[in-house]
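Quick note: the coordinates plus some simple rules give every number you see, no bench work behind them. Predicted model, so just to flag it, every value in this text is computed and none were measured. Reconstructed Cβ throughout: ideal geometry from the backbone, glycine too, with neighbour counts over all protein chains shown.
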Amino acid sequence: MSVRSRWFLLFTGLLSALLVIAAACGGGTSSSDKTKTASAGGGKTPAATSAGGDQAPADQQKITIQFAEPQFYDPHKSNFEQDIGVERMLFRGLYNLTDDGSGGVKVVAEGAAGDPTVNGNVLTIKLNPNAKWSDGQPVKAADYVYGIQRECDATVASPYQYVLGAGLGEVKNCDEAFNNKVPVTEVGVRAVDDTTLEITLNKPVQTIKTILALWAAFPARKDVIEKFGDNWTQPGNIVVNGPFTMKELVPKDHVTLVPNPNWYGKKPALQQITIKFIDDLSAAYRQFQTGELMATQINATDVATAKGDSTLKDAVTVVPSGRITSVEVQMKDPVLSNFNVRLALSRAVDRKALVDAVYDGIHAPATYWVVKGIKGFQGNEPFEGKIGFNLDAAKKALADAGYPNGQGLPTLKFTTRDSPQRRAEAEYLQKVWKDNLGVNIQPEFVDSKTRSARFNSGDFQLFPGGWQLDYPDIENPLKGLFDTGGGNNKYNCSDPEIDAAFQEAANATSDDARIKAYQKVETLVVTKLCGVIPLYQDSQTYLVSPKLGGVVPNGTIDAGLPGTYAVENWFVKKS
Amino acid sequence: MTAYVIRRVLWVIPVLWAVATITFLLMHAVPGGPFTQDKSLPPAVNEALERRYHFDEPLWQQYGHYLINLTKGDLGLSVSNNQEVSEVVRRTFFVTAQLGLLSLLVAVIVGMTLGTVAALNHNGPFDYIGVGFATIGASVPNFILGAFISIVFAVQLGWFKLQGWGGPLEWGDVFDTGAYHWDKVVLPVVALSALPASYIARVTRASVLEVLNQDYIRTARAKGLRETTVVLRHTIKNALIPVLTVVGPLAAALVTGSFIIERMFSIPGLGLETIRAVLARDYNTIMGTTLVFTLVISIANLLVDLAYAAVDPRIRYR
């Protein structure tokens, strides 16, 4: 027995030694991180800060932030929010969209010296003479010509080509070039001289400055792209004209940006931005707690927990986004084509109770479709009394439709994404419709791609979806969605009055008249529930360290994180 | 023996082909493609994108091209970031293999130590402690354990970090001491090795107990051999065979990655990449990662079979 005891001692000694070594390996860096997290608790809200004398010294101007991994760093190939967020740090166009100081959006000239001179369908734009690429060469009109030609080039296959095409940007021959009917050299853009750009449109476009501020119209360097091919966006090859340039790229892990020495705008205070690619927002939440991240998106359902944590509550940032969530309705369906059935479904849902129950009250209950923050926003007021929560009206509508108390109404299929939040939302609606109206729905949980495939083929009855703004203008959430035959009109909404209102907007000669016409479109769509039953305007939820200054969130132009449209204003505060 | 090994290696080729074919058919049978999204792309854009990745060809032609390119080692382009899939797989597998091998090492050391201590102290306090640890390790899912140790040791105590992998991300950085951050390695390895460690502990305990009751151990003790010799030379060596049978499949499972642990600690590994590729319908990456899994599992199985022969002279392969 005594021999065995020695064995126990030996083994336990070995185990303890292993544990001590393991603990010691990680122990070295601990205390400084804890201090960082703790001090992060005491600051002001990020939105309330402004640049000034409270900047930390340059050697402390380094931050690590969370993003999903971009697909491309090439503005003319990009499709996703994270791509666009990083590209705005690297590239800038003729104009830029920025916060107007009151939560709205204004268009400012950056690559251009001022507003375009309009002569019929021809725009002449003088370029900013100080604008340079990161290799020191001036940004020439030819670079914008090449950028726009690339966007209209079928071989580049830009997912956002349509913003320059018919109905939106109206750049002459852009669609024709994209459909291989004319060569890209026929696209309506030319360099008059090095600093004068001329763009020919099919017809005057009121929103052209906003369109030219989008990544689709960014300039591009022909010599660099021809030299490196698809590898032109690799560090070492890439030539940019934005406030930052790319220092290092480790796919699947991170990208590191440093200031572009030849940037012609406001000199950024940050000396390094490390963007970590993190999809799991719970993991990002914990990394924020350890001080490894200074800004991250978080799940809406984590906001309440974060607000209850004294070290995190000042970092919680909730921003109304440019997205509206609705239940989309297939108008070709024999049951749902009946307006009274749609009205009953809409009026049976207490949107505030839904948002409170499923999303801790983070999102804004909505009976409108055009989101807050857009010029022409109408809000709930005109619609609440027509499609908002009212049980008696809901029951009456269902009876009028021929299904009193839901009798005779077949079970409706409800196709949604398989995520905890979407499940909770579906279960809530299922209960509300069953209890209030006697209507049965059959939730069907599928992965994101399956869901989109069903939507695009029109194979759905009820479908929680919505619209995320591409650019902050009232036309964006309407055009193509509710006009007969529109490219995104998967609900098959087809209504002569709505089509007439769209025509009115197209013929408008002033911006006010155009916006009024689009408000009319929105009013008709919502009151007729033509394909959509609006539920709420989403909020984006973030943790932004109070030590990070200059971040001004604006939900309609943020991409990835708040304030990414003007990252040159960000700075680390003095501790 | 050599003929056996050659035959086994050659068998990998039809296995790879079968897996490639089944995966190809299954992934195309699932609704939605790489460019499917709610905001549908205009038809011209969709066509241009499909042309870029050759998805516009008929399915049989895509399949044929894939197999031909595969024989040349060309796995195609990833739709998600336009990178060569071979490059993506090489990079992510390198990280996952480090995580997996380290976890395996920890699992074997901890598991065998616990199991042996428990068996030698049969029905004593260390036996109960060892069995208790093994039971907890086996019954707590690794996503719970991972979250728990993250919150306690990284968020609360601040001993460790949670962001990314602490080893080199590239082969070229293997000798760069700056690429190693042990404070990022410990937690994911602990989370990933807990289950296999407890499994190995239970098997080791049972195996050592059985060997300790064998006549030859009594004989060894009766001969007056020192207890160390009895335990190290006669007991543990003979108790190894059953342990080896579980270590082989565990090795394959660990080296092919843990999606959950990689996601939880933002580790850019193969497991995470596979799930991402499936959800994004990134066809070429799905094929690439599946084929690597197949290859690794085939090799692991072969090595285990060969190791049996090395440990147990009664086993012969022809």
Across (1) over 21 Å from residue A:238 (Cβ atoms); (2) away from every other protein chain (no Cβ under 11 Å); (3) of a type in the set (Phe, Trp, Tyr), residue A:146 clears everything bar (1)
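Rundown of residues vs (1) within 11 Å of chain A (Cβ to nearest Cβ); (2) of a type outside the set (A, V, I, L, M), yes/no style:
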site: B:107; (1), (2): no, no
site: B:118; (1), (2): yes, no
site: B:130; (1), (2): yes, yes
site: B:139; (1), (2): no, yes
site: B:191; (1), (2): no, no
By my count, helices (runs of 4 or more DSSP H) wholly in segment A:365-456 with at least 2 residues that are touching a Leu at 6+ places or on another chain (Cβ under 8 Å) are A:391-400, A:420-437, A:448-456
Give the residues of segment B:74-88 that are more than 11 Å from every other protein chain (Cβ to nearest Cβ), assigned to a helix (DSSP H, G or I) and of a type outside the set (Ser, Thr, Tyr), sorted by residue number.
B:85
If you take the residues of segment A:226-263 that are away from every other protein chain (no Cβ under 14 Å) and in a helix (DSSP H, G or I), which of them is farthest from the chain's Cα centre (by Cα)?
A:227
Do we have residue B:317 as surrounded by fewer than 18 Cβ atoms within 10 Å (Cβ to Cβ), in contact (Cβ under 8 Å) with a residue 40 or more places away in the chain and outside any helix (DSSP H, G or I) here?
yes
Answer with yes or no whether residue A:209 is in a helix (DSSP H, G or I) and either more than 14 Å from every other protein chain (Cβ to nearest Cβ) or surrounded by 21 or more Cβ atoms within 10 Å (Cβ to Cβ) (or both).
yes
Counting just the residues of segment B:265-292 that are in contact with a Leu (Cβ under 8 Å, 6 or more places away or on another chain) and hydrophobic (A, V, I, L, M, F, W, C), which one comes out farthest from residue B:168 (Cα to Cα)?
B:287
Within segment B:249-292, the count of residues that are farther than 18 Å from residue A:253 by Cβ and either in a helix (DSSP H, G or I) or small (Gly, Ala, Ser) (or both) comes to 18
Subset of segment A:269-323 that is part of a loop (DSSP other than H, G, I, E, B) and without any contact (Cβ under 8 Å) to a residue 40 or more places away in the chain - its residue that is nearest to residue A:253 (Cα to Cα):
A:280
Could you tell me how many of the residues in segment B:35-48 are within 35 Å of the chain's Cα centre (by Cα) and within 14 Å of residue A:77 (Cβ to Cβ)?
1
For segment B:1-51, enumerate the residues that are within 14 Å of another protein chain (Cβ to nearest Cβ), among the small types (Gly, Ala, Ser) and assigned to a helix (DSSP H, G or I).
B:29, B:44, B:48
Taking interchain pairs and intrachain pairs at least six residues apart, which have beta carbon atoms under 8 angstrom, with the first residue in segment B:144-170 and within 7 Å of another protein chain (Cβ to nearest Cβ) and under 16 Å from residue A:311 (Cα atoms) and the second aromatic (Phe, Trp, Tyr) and in a loop (DSSP other than H, G, I, E, B)?
B:154/B:160
Across segment A:225-260, what is the number of residues that are closer than 26 Å to residue B:93 by Cβ, of a type in the set (A, V, I, L, M, F, W, C) and crowded, with 20+ Cβ neighbours inside 10 Å?
2
How about segment A:141-186: which of its residues are buried (at least 24 other Cβ atoms within 10 Å of the Cβ), charged (D, E, K, R) and either without any contact (Cβ under 8 Å) to a residue 40 or more places away in the chain or over 21 Å from residue A:124 (Cβ atoms) (or both)?
A:150
Consider residue A:341 against the criteria (1) within 30 Å of residue A:457 (Cβ to Cβ); (2) of a type in the set (A, V, I, L, M, F, W, C); (3) in a strand (DSSP E or B): it satisfies all of them except one. Which criterion is unmet?
(3)
Which residue pairs have Cβ atoms under 9 Å apart, sit 6 or more places apart or on different chains, and have a first residue in segment A:61-77 that is closer than 13 Å to residue A:249 by Cα and a second that is assigned to a helix (DSSP H, G or I) and of a type in the set (Lys, Arg)?
A:69/B:276; A:71/A:77
Filtering segment A:546-569 down to residues that are crowded, with 23+ Cβ neighbours inside 10 Å, in a loop (DSSP other than H, G, I, E, B) and more than 15 Å from the chain's Cα centre (by Cα) yields A:547, A:551
